[in-house]
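The values are calculated or read from the model by the stated rules, or taken from the named source; none is laboratory data. What you see is a predicted model, and the numbers here were worked out from it, not measured in a lab. Reconstructed Cβ throughout: ideal geometry from the backbone, glycine too, with neighbour counts over all protein chains shown. The area values use the complete protein model at the heavy-atom level, side chains included, leaving out ligands, DNA and RNA. Shrake-Rupley method; radii C 1.70, N 1.55, O 1.52, S 1.80 Å.
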Amino acid sequence: MVQRSPLFTLFCHVILILGIIAVAFPIWIAIVATTHENSAFVTGSPLWFGDLGFDVFRDLLSNESTFNNSTLPISHMLLNSLIMALTITVGKLSISILSAYAVVFFRFPGRMFAFWIIFFTLMLPVEVRIMPTFEVITNLNMLNSFSGLTIPLIASATATFLFRQFFLTIPRELFEAARIDGAGPVRFFIDILLPLSRTNIAALFVITFIYGWNQYLWPLLITTDLQYYTIVMGIKQMLGVVDGVVEWNKIMATTLIAMLPPVIVVISMQKVFVKGLVDPEK
Amino acid sequence: MSSNVVFKNKWLPIALITPQLLITFIFFIWPAGQAIFQSFQLEDPFGFSREFVGLENFIYLFNDSNYIDALFTTLQFSISVAFLAMVSALLLSAFAEHIVRGSTFYRTFLIWPYAVAPVVAGSLWLFLFDPTIGIIAELLGKLGVDWDPILNGSHAMWMVIIASTWKQISYNFLFFLAALQSVPKSLHEAAAIDGSGPIKRFISISFPLISPTSFFLLVVNFVYAFFDTFAIIHAMTQGGPGNSTSTLVYKVYNDGFIGLNLGSSAAQSVILMIMVALLTVVQFKYIENKVAY
């Protein structure tokens, strides 16, 4: 063990705490802002809590609340976000694990070709193929629908690749033993492969859930109907008031509500999330 | 790869892989092909007529000062974000690596911005930087800066750079921390016996050993700054004032959806695809090198 001077250790703690304060500063200001009347901001934004308490949150979450040009209650947008994030997550994990299974444990014509086609999609974020993808969605009549919001985002090269890497590390003896015991491909998948992949599935779940929840450009393109607005899009809607006052206390409250679910997921599943992110190949 | 131990079924694997292939083909390959096709066409905004123009869209782009401006804006933006996010994350992880007690605490409180949506990050920082009510704007005013991101291009640029950096620090921090923790302790012990202090050890031992991770992060940060910051820019500045914060991706969106200039938007998409392809190859090489079969 390398000797540590207590002074240097103290210095490390001080720097890290300053780092945390700097990173958390916007959140602090946002929380404080929700407890003030909108008129309080005229004299500059406050640093300490006001007397509104949680009224803004209560107003926002009760269904009657409508403000600015948004007529959709926050709770509805939250539900949309949840449906979208969960559908993308479940869909992505299912089709990726199935295709990785096919590529690793079977031999069929065009196997590697199929794998490379999937891998190629890594290179094409929505942002670079906006117009033609939009046209495809229009032609398939998928504008303003949950299928349009989710299905195109379900294909994932990353998840397929990570599952493939993991499957390749599974010892062949396990596979042979299962076959001698008479396990078919379906049996093997359900009884052996799925339980073994638990941690990988959990890690990908965290990452994909956040990805799905935070989608912005995609819903912006293909939903014009307020019914399908997600909470993340709702924020932009509130910021873009053309005339009238920007209701900062409500925007900040919505912002906090919108970031809460993914942040809770990351913090509560920290271990598995870090594992999935930093060494995905293990 | 164990090549001879496999199931013998013929149709099952094809059935298993079909859903993934279908989605890939319909929503990725087909539109990408369309983009390439359209980039050689000149089309009127309503789709009534089109003609083949070869490379004209591309030639036009590279003679268009707006496009060149967007290219430089993107470079300036990406380099700043990558630099700031990597340096601050490296500093934090270097100090975090020294902490024995409470490291989980620090990690927990530093990683959560990863989960924050870019547009959320944008709205948080927009509030702080608002010229009339924002607390940072107020502070800058006291320092004598006439803060006005709505009219001043470079102020707007700083605003999106800071919001984007804030969002990316946690990701870099995790990777740097993992890399620093995998540096063999024995090297540090030997150097400590030779009398070098923690800072010297960091520069001469840890830093060279984490350079592959740094390179990987550099690429990831560029990809992030190119593509994932669309929402930040869209929420904070809409590419303005003027075109001062309009990056290449923002321009594709703007020219395609708002301007309806399909050929040009497609040509821009194709250029971006080539860039992404190159960056992806680099990332893939990194991941593959770390994998032992």
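Every residue, every condition in (1) at pLDDT below 70; (2) farther than 22 Å from A:K236 by Cα; (3) open to solvent by 20 Å² or more (accessible area, probe 1.4 Å); (4) in a helix (DSSP H, G or I), yes or no:
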position: A:F8; (1), (2), (3), (4): no, yes, yes, yes
position: A:A22; (1), (2), (3), (4): no, yes, yes, yes
position: A:P26; (1), (2), (3), (4): no, no, no, yes
position: A:A30; (1), (2), (3), (4): no, no, no, yes
position: A:F57; (1), (2), (3), (4): no, no, yes, yes
position: A:L60; (1), (2), (3), (4): no, no, no, yes
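Taking the range A:197-241 as the range and being over 20 Å from A:T89 (Cβ atoms) and hydrophobic (A, V, I, L, M, F, W, C) as the test, the residues that pass are A:L220, A:L221, A:L226, A:I235, A:M238, A:L239, A:V241.
Looking at the range A:130-145, which of the residues that are open to solvent by 60 Å² or more (accessible area, probe 1.4 Å) and of a type outside the set (A, V, I, L, M) is farthest from the other protein chains (Cβ to nearest Cβ)?
A:N141
At least 1 residues being among the aromatic types (F, W, Y) is the threshold, and among the helices (runs of 4 or more DSSP H) wholly inside the range B:192-274 those reaching it are B:211-223, B:230-236, B:248-253. Against the condition touching a Phe, Trp or Tyr at 6+ places or on another chain (Cβ under 7 Å) and of a type outside the set (S, T, N, Q), how does B:P208 come out, does it pass? No.
Checked against (1) under 19 Å from B:I232 (Cα atoms); (2) part of a helix (DSSP H, G or I), A:V246 meets all criteria but (2). The criterion of at least 1 residues that are among the acidic types (D, E) is met, among helices (runs of 4 or more DSSP H) falling completely within the range A:78-154, by A:130-139.
Screening B:N172 against (1) at the interface with chain A (Cβ under 7 Å from one of its Cβ atoms); (2) part of a helix (DSSP H, G or I); (3) open to solvent by less than 20 Å² (accessible area, probe 1.4 Å) leaves a single unmet condition, (1). Within the range B:146-159, being more than 15 Å from B:N243 (Cβ to Cβ) and either open to solvent by 60 Å² or more (accessible area, probe 1.4 Å) or assigned to a loop (DSSP other than H, G, I, E, B) (or both) holds for B:D146, B:W147, B:D148, B:W158. Can you say whether A:V274 is within 11 Å of chain B (Cβ to nearest Cβ), in contact with a helix residue (DSSP H, G or I) (Cβ under 8 Å, 6 or more places away or on another chain) and aliphatic (A, V, I, L, M), as far as the supplied structure shows? Yes; evaluated as a whole, the condition is true for this residue.
Does A:R164 count as charged (D, E, K, R), facing chain B (nearest Cβ under 7 Å), surrounded by 16 or more Cβ atoms within 10 Å (Cβ to Cβ) and in contact with a helix residue (DSSP H, G or I) (Cβ under 6 Å, 6 or more places away or on another chain)? Criteria not met by A:R164. When the range B:12-60 is filtered for residues that are surrounded by 14 or more Cβ atoms within 10 Å (Cβ to Cβ), within 17 Å of A:P132 (Cβ to Cβ) and more than 29 Å from the chain's Cα centre (by Cα), the ones remaining, listed by number, are B:Q41, B:L42, B:E43, B:R50. Mind listing just one residue for me: the one in the range B:68-119 that is of a type in the set (S, T, N, Q) and surrounded by 18 or more Cβ atoms within 10 Å (Cβ to Cβ) and, of those, nearest to the other protein chains (Cβ to nearest Cβ)? My answer is B:S88. Within the range B:127-145, the set of residues being at the interface with chain A (Cβ under 7 Å from one of its Cβ atoms) and open to solvent by 10 Å² or more (accessible area, probe 1.4 Å) comprises B:I133, B:I135, B:E138.
Of the helices (runs of 4 or more DSSP H) lying entirely inside the range B:22-102, the ones with 1 or more residues being touching an Asp or Glu at 6+ places or on another chain (Cβ under 8 Å) are found at B:30-39.
Take A:N38 and tell me if it is more than 9 Å from every other protein chain (Cβ to nearest Cβ) and either at pLDDT 90 or above or closer than 23 Å to A:Y228 by Cβ (or both). No. Screening the range A:223-264 for residues that are of a type in the set (G, A, S) and over 18 Å from A:L61 (Cα atoms) and picking the one that is most open to solvent (accessible area, probe 1.4 Å) gives A:G244. May I ask you to verify whether A:L220 is in a helix (DSSP H, G or I), in contact with a helix residue (DSSP H, G or I) (Cβ under 9 Å, 6 or more places away or on another chain) and open to solvent by less than 20 Å² (accessible area, probe 1.4 Å)? Against the criterion (in a helix (DSSP H, G or I), in contact with a helix residue (DSSP H, G or I) (Cβ under 9 Å, 6 or more places away or on another chain) and open to solvent by less than 20 Å² (accessible area, probe 1.4 Å)), A:L220 does not qualify.
Out of curiosity, is A:S96 in contact (Cβ under 8 Å) with a residue 12 or more places away in the chain and among the hydroxyl-bearing types (S, T, Y)? So A:S96 fits the description; yes.
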